[in-house]
Each structure stands twice: as structure tokens, then as C-alpha cells.
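Structure record follows, encoded as C-alpha cells.
The values are calculated or read from the model by the stated rules, or taken from the named source; none is laboratory data. A quick note: this is a predicted structure, and the numbers were derived from the prediction, not measured. Positions of Cβ are backbone-derived with ideal geometry, glycine not excepted, and every protein chain shown enters the neighbour counts.
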Amino acid sequence: MDWLSASDALALLGTQPQTLYANVSRGRIKARRDPSDSRKSLYRGDDVRRLAQRAAGRRKQEAVAAEAINWGEPVLRTSIATVQRGRLLYRGEDAAVLAETGTLEDVARLLWQAPCRPGDADAQSGGYGLRAAFLALAAKAADPAGQVLGPAALGLQAGAVLGAMAGALCGPGDVAISLHERLARHWQRPDASDIIRRTLVLLADHELNASTFAARVAVSTGASLWAGALAGLATLNGPRHGLASRIVWALVDDVGHDPPRAGVALAAWLGEGRDVPGIGHPLYPDGDIRAKALLDCFTPSPRFLAFQEAAEGLTGEAPNVDFALAAIVETFDLPADAPMVLFALARCVGWLAHGIEQTASGQLIRPRAHYMGVGATS
């Protein structure tokens, strides 16, 4: 049995790296860590050659489209963000480098290509938190005055949307203070200010993820940035996206502090055909760079380390950002909903950037469905 490097596998397949990683995640290609360099992966040659032969010749357009919806080929053009060779790039800038000193406002200016002036939100009659964020966005989403704006007005509207989100999620505070500092004060955790700052920067955008796609679809109809952010927030609010850290936390609770016991529990979990939550990511075969950037800044608790050790030993995969967020909550004693709050506040910047870009394109996003019901033709 031979094992190929990523470059050799891609040369045989003739595809983008994302497609290779998608085939690994779907079990079509077996991968393992490179024994000479643990940061890299190797791919089983027989699997790669089998897929290369299957893909020989021109595939039907409908087959390409069907695969594109599940970590497949790119479907939209964007200049905002991408994942390349294990790095997350914001308009060509390395997000992990930006997280060393930057703020969410810095990233907003970069992604929006416009000033970032978070507006002073109205008083939150519904309190503070995620429910308040939904209400704040919904209150403006149907306002026709916010639709079909020029570039300068869109930049101002983006600031107003971010301000409303900040007002709902960070609580009352001086709008002149950076958002990570406002959030740390709201949670009464000043010692967590820096890790909050880094997290917000690293979560600001992640290419065409589910919530960003939803935001772009909404804005493509001519709806306002308020409506796009509301669509994004609704999509984020699911266990396969913004709430994924809850599952990590629950499994860590179940596994306990003992690495051998963790290994037994996770082996049983895998034996039921389930992926280990918080471990691995289709776009990062050598490890989620966002998780590494965060985990390098603190030491998780013993039980999280035990979970990580057991999971890495069983799967050969590194932790992803959902694991890092769950570990941050415990280490810095943050509220239970902190991962979703951090995701929502940070990713709102990305939704707004994509909304501005989508508006400028003038394109309506309207794919076709492959009908399989009564009367379907081949």
C-alpha cells in the first residue's frame, strides 16, 4: 500500500484542495498523519487512483453541482476570504497573524473596505443576549428604507447592524470601547479580554459557510443588510454550526478526566458511526488553524486535555474551533452561551462583508433543484 502527499494526490485527481478534503471526510479517501511531519497528511494511493479513474472524462454538469453543495467545488466568486494550504485568509491577510494584535473592528474595515463605525443601538427592551439580537435585527429587516442602497450608504448600514448586534450581545456600554472589551466587561471577566479579542478576529469570516450563504441569498433578492444578518443569525443557531460547542462540552462531561477512560468512551462513540465533535475539519486536513491559534494562548483544563489526547489518538485529527471555544468557556469561566455569542458577534462582520459584495454583484442566487419525485425523468 502506497501513500501520496497532498500535491501528488491533487495532481492525479485534478481537483481543488477542498474536493480532496471533502473526499477524505466522506470516507472515499483514507488519510493519515505523515510520520515525517505531523503537520501534514498522506493519502492512500489506491483510493486516489480509483477516484481519478472514475472522474476521467467530463462529468455531467448536474453531478458537479450536486457535489458542490457538500464541501465540493466553489460555487460563488468572492474576494473576501478563503482557506488555502491550511491558512485562513481575509482579503489575502493571514487571520491567525491578524489575531495577534488586531480587533474585530480592524477586520471589519478590512473586509468591508469601508470605515467601521458601530452605531449606538437603541435600548434593548427585550433584555440582552441572543434573543435580543434576533429582535434587534428583525425590527429593522422589513424596513424598505434599508434596501437598494449605494456603496457609501451600505457601509453606514453595516455599522448600524453591527452596532445593534453589539448592543444586544455586549450589553450597555461606551461605543468608543472596542467590542472585545465591552463583551469582557458585560461578562465581568476582564482577564478574558485578550482571548475574546483573538476569538472574534478568527471567527469573523470563513468563506461560504452555511450562515454566510444564507445571508448572501437573502441580500441577493434586494433585501437589506439587516435582513441578511438576520438570515445569517437564524442559520448560525443550529447544532451543526454555531451551537456545535455544546455537543463538545456534553461529550467532555461524559468522558471525564481520565485519558484511558476517554479513549474507551470515544471508541464506543466512533463505533456507532458518529464523528467525534470538536475534532477535525474538512478544510483543514492538518488541523484547524483557528483552534491552534487559540489553544496556543492558554492551557485547557485536564479533562479537555484528556479528551483531546484520546480523540487525536483514535482519529489522527486535531481539534477544531468548536473544541477551542468549549475549552475557553471552562478555562475563563464564561457563560454557557458564550460560544454562540462570540460566533454571532464576530460572524456578523463577515455576513455584512458578503452582503455588501453580493449587492455589488447584482446577481440573484437561484439554483435549480434535481427533482426526484413522481414523474421524474432521468
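Let's see how each residue does on (1) at pLDDT below 90; (2) in contact with a strand residue (DSSP E or B) (Cβ under 8 Å, 6 or more places away or on another chain); (3) under 23 Å from Ile328 (Cα atoms):
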site	(1), (2), (3)
Leu230	no, no, no
His257	yes, no, yes
Ala262	yes, no, yes
Ala268	yes, no, no
Ile279	no, yes, yes
Output the residues belonging to the range 306-326 that are out of contact with any Pro (no Cβ under 8 Å at 6 or more places or on another chain), aliphatic (A, V, I, L, M) and in a helix (DSSP H, G or I). Leu314, Val321, Ala324
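Go through Leu169, Leu135 for me and flag whichever is assigned by TED's automatic domain parsing to the domain that holds Glu330, surrounded by fewer than 19 Cβ atoms within 10 Å (Cβ to Cβ) and assigned to a helix (DSSP H, G or I).
Values: Leu169 fails: surrounded by fewer than 19 Cβ atoms within 10 Å (Cβ to Cβ).
The conditions single out Leu135.
Would you check if there is a residue in the range 238-247 being over 27 Å from Tyr284 (Cβ atoms) and part of a helix (DSSP H, G or I)?
no
Restricting the range 140-158 to residues that are aliphatic (A, V, I, L, M) and part of a loop (DSSP other than H, G, I, E, B), which is modelled with the lowest pLDDT?
My answer is Val148.
For (1) in the same structural domain as Ser178 (by TED's automatic domain parsing); (2) closer than 20 Å to Asn209 by Cβ; (3) not aromatic (Phe, Trp, Tyr), each residue gets a yes or a no:
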{"residue": "His281", "(1), (2), (3)": "yes, yes, yes"}
{"residue": "Phe323", "(1), (2), (3)": "yes, yes, no"}
{"residue": "Gly350", "(1), (2), (3)": "yes, yes, yes"}
{"residue": "Gly362", "(1), (2), (3)": "yes, no, yes"}
Determine which member of the set Leu236, Leu202, Leu230 is in the same structural domain as Tyr284 (by TED's automatic domain parsing), within 23 Å of Ala353 (Cα to Cα), of a type in the set (A, V, I, L, M) and in contact with a Ser or Thr (Cβ under 8 Å, 6 or more places away or on another chain). Leu236
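Only one of Gln363, Gln358 is under 24 Å from Arg91 (Cβ atoms), part of a loop (DSSP other than H, G, I, E, B) and not small (Gly, Ala, Ser); which? I'd like the intermediate steps shown before the answer.
Working: Gln358 fails: part of a loop (DSSP other than H, G, I, E, B).
After ruling out the rest, the residue left standing is Gln363.
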Answer yes or no: is there a residue in the range 258-271 that is within 29 Å of Leu137 (Cβ to Cβ), part of a helix (DSSP H, G or I) and not basic (Lys, Arg). no
In the range 178-198, how many are without any contact (Cβ under 8 Å) to a residue 12 or more places away in the chain and in a helix (DSSP H, G or I)? 1
Given (1) modelled with pLDDT of 95 or more; (2) at positive phi, Gly127 misses just (1)
Quick one: is Trp269 in contact (Cβ under 8 Å) with a residue 60 or more places away in the chain and assigned by TED's automatic domain parsing to the domain that holds Met340? no
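Go over the candidates Val201, Val217, Val161, Val175 one by one and state the one that is part of a loop (DSSP other than H, G, I, E, B) and of a type in the set (Val, Ile, Thr). Don't jump to the end; show me each part of the working.
Details: Val201 fails: part of a loop (DSSP other than H, G, I, E, B); Val217 fails: part of a loop (DSSP other than H, G, I, E, B); Val161 fails: part of a loop (DSSP other than H, G, I, E, B).
Just one listed residue meets the conditions, Val175.
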Taking the criterion of being crowded, with 24+ Cβ neighbours inside 10 Å, in contact with a Gly (Cβ under 8 Å, 6 or more places away or on another chain) and assigned by TED's automatic domain parsing to the domain that holds Tyr128, would at least one residue in the range 325-338 satisfy it? yes
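Do we find a residue being among the aromatic types (Phe, Trp, Tyr), over 30 Å from Ile177 (Cβ atoms) and modelled with pLDDT of 80 or more anywhere in the range 42-59? Show your work before the answer.
Step one: of the range 42-59, the residues among the aromatic types (Phe, Trp, Tyr) are 43.
Imposing the further condition that a residue be over 30 Å from Ile177 (Cβ atoms) reduces the set to 43.
With the extra rule that they be modelled with pLDDT of 80 or more, the set shrinks to 43.
For the range 42-59, residues among the aromatic types (Phe, Trp, Tyr), over 30 Å from Ile177 (Cβ atoms) and modelled with pLDDT of 80 or more: present.
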In the range 1-41, what residues are without any contact (Cβ under 8 Å) to a residue 40 or more places away in the chain, part of a loop (DSSP other than H, G, I, E, B) and hydrophobic (A, V, I, L, M, F, W, C)? Ile29
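Gly102: surrounded by 14 or more Cβ atoms within 10 Å (Cβ to Cβ), within 30 Å of Trp351 (Cβ to Cβ), at pLDDT 90 or above and assigned by TED's automatic domain parsing to the domain that holds Thr359, yes or no? Break it down stepwise before answering.
Working: surrounded by 14 or more Cβ atoms within 10 Å (Cβ to Cβ): yes; within 30 Å of Trp351 (Cβ to Cβ): yes; at pLDDT 90 or above: yes; assigned by TED's automatic domain parsing to the domain that holds Thr359: yes.
Judged against the criteria, Gly102 is a match.
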